1. Classify the stretch 103-176 as rounded, prolate or oblate, taking a ≥ b ≥ c as the square roots of the eigenvalues of its Cα gyration tensor: rounded when a/c is under 1.5, otherwise prolate if a/b is larger than b/c and oblate if not.
2. Using a cut-off of under 11 Å, list every residue of the stretch 213-250 whose amide N is near the label point 7 Å from the Cα of Ala269 along the Cα-to-beta-carbon line.
3. Once amide H atoms are placed 1.01 Å from N in the peptide plane, what residues at a sequence separation of 5 or more from Glu123, or on another chain, have their amide H within under 5 Å of its amide H?
4. Can you classify the stretch 262-343 as rounded, prolate or oblate using the Cα gyration tensor, where a ≥ b ≥ c are the square roots of its eigenvalues, rounded means a/c under 1.5, and otherwise it's prolate if a/b beats b/c and oblate if not?
5. I'd like the Karplus ³J(HN,Hα) series for the stretch 76-93: coefficients 6.51, -1.76, 1.60, θ = phi - 60°, whole numbers in Hz, and an x wherever there's a Gly or Pro.
6. State, as an integer percentage, the relative contact order of the stretch 230-366 based on alpha-carbon contacts under 8 Å between residues 6 or more apart.
7. Counting only residues 5 or more places away or on other chains, whose amide H sits under 5 Å from the amide H of Val104 once H atoms are built in the peptide plane?
8. How long is the gain from Ser85 to Tyr357 if the chain were fully straight, where each residue apart is worth 0.36 nm and the alpha carbon distance is subtracted?
Amino acid sequence: MSKHCRPAYLPIVIIAVVIIVIAAAVIVWFKPDNKPMATQQSLSASPTDKSESTLSTAQSNTQAEAPFAQSDALFVTGLERLPRSLRGTQVDGEIIIDENKQLVVTEGLRRLFDYFLSAIGEEEEAVIFARVESYIRHHTPEPAASQAVAIFGNYVAYLKALPDIEKRYGNLQLQASKSGELDLNAIAQQKQEVARLRQQYFDKTTIESFFGAEDNYDDYSIEMVRINQNEQMSEAQKQAARQDYVSRLPDGAIKTNIMQQANLNELMARTEQMKAAGASPEALYNMRRELVGAPAAKRLAQVDQEDANFDQRFTQYETQKAQLLSQSANPAAAQSQIEQLEQQLFDDAERKRLSGYAALQKTQTQ
């Protein structure tokens, strides 16, 4: 089983933060510590929440059962003798139950599984199974504990089956990439196979909780690629199509993150264009304020001032350095004077930037 638990359908890096809004009617353990369950607080759950989050006992009976080791013999809390990669880290994810101690499946539960599964290669699979089961049972009452353990077994079985699908489509993706375009039909077919595989191991609620946000980002990425590869559209039409797609997304964390990323991309492009055209600091501030708000615009203006100050000192440094090298007959003495000049004009952090900054300036002037 691959150590990387999350498949990627597109070679597109999407930097985003998925925010899960949980109703006030659940019991939440956020990154639980080793305290007994009696210290944890409970909130009431509505009937709707309970019916949607209660796992089907039929599902756990029909799905593949994980070969859990005798966890009691290895662990109590699941956090004993952590592998090197997990030492000094906090457990990622969450375990949430309702007032009837039924498991409420969230994306955070998947993150919890991935946290421990990231140690594949450092620990045997049976040890990881035992560790996860012990962790769940130490922090979670029944029947939620057994429900979470069953889902973990199904999740691992799903991850083991996933590479077969990825291998079937891997060559198609590679060929498409070499030709300069992605085969969106192949990507769609792959997603359909993955969806069918998920249905073999999870119920609808778990699928949505575990993979819903990921699928939404994939859909967004695929649509952006589709627009970019459309040779019948002008650049202005493509931009309008992108904006139209984002505007039709349902309100929520995903739409917010995509819009923020789009604003950042536009901010960088417009800043570069306006600086090249000699825009005033006031004009830059007004543009930035419209895109990212006044506080961020102020911070960016401060960065501009710091950069301008550094550029001024760097120009002075380069001029005096050239004079010292040309006028001195003693290279060692000249180098000593240059080092003194560096200390006068720059702090420790800035001096580390000098050689790289000089190379960048040279590249830009060529």
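Taken together, the values in this text are just the output of simple stated rules run on the coordinates, not laboratory data. Just so we're clear, the structure is a prediction, and the values are computed from it rather than from any experiment. When we count neighbours, we look across all protein chains shown, and the Cβ atoms used for this are built from the backbone with ideal geometry, even at glycine.
1. prolate
2. The answer is 235-240, 242-243.
3. The answer is none.
4. Prolate, since a/c reaches 1.5 and a/b exceeds b/c.
5. 10, 9, x, 9, 6, 6, 4, x, 3, 5, 9, 5, x, 9, 9, 5, 8, x
6. Reported as a whole number, the value is 11 percent.
7. Ile96, Ile97, Asp98
8. This chain segment gains 94.4 nm when fully extended.
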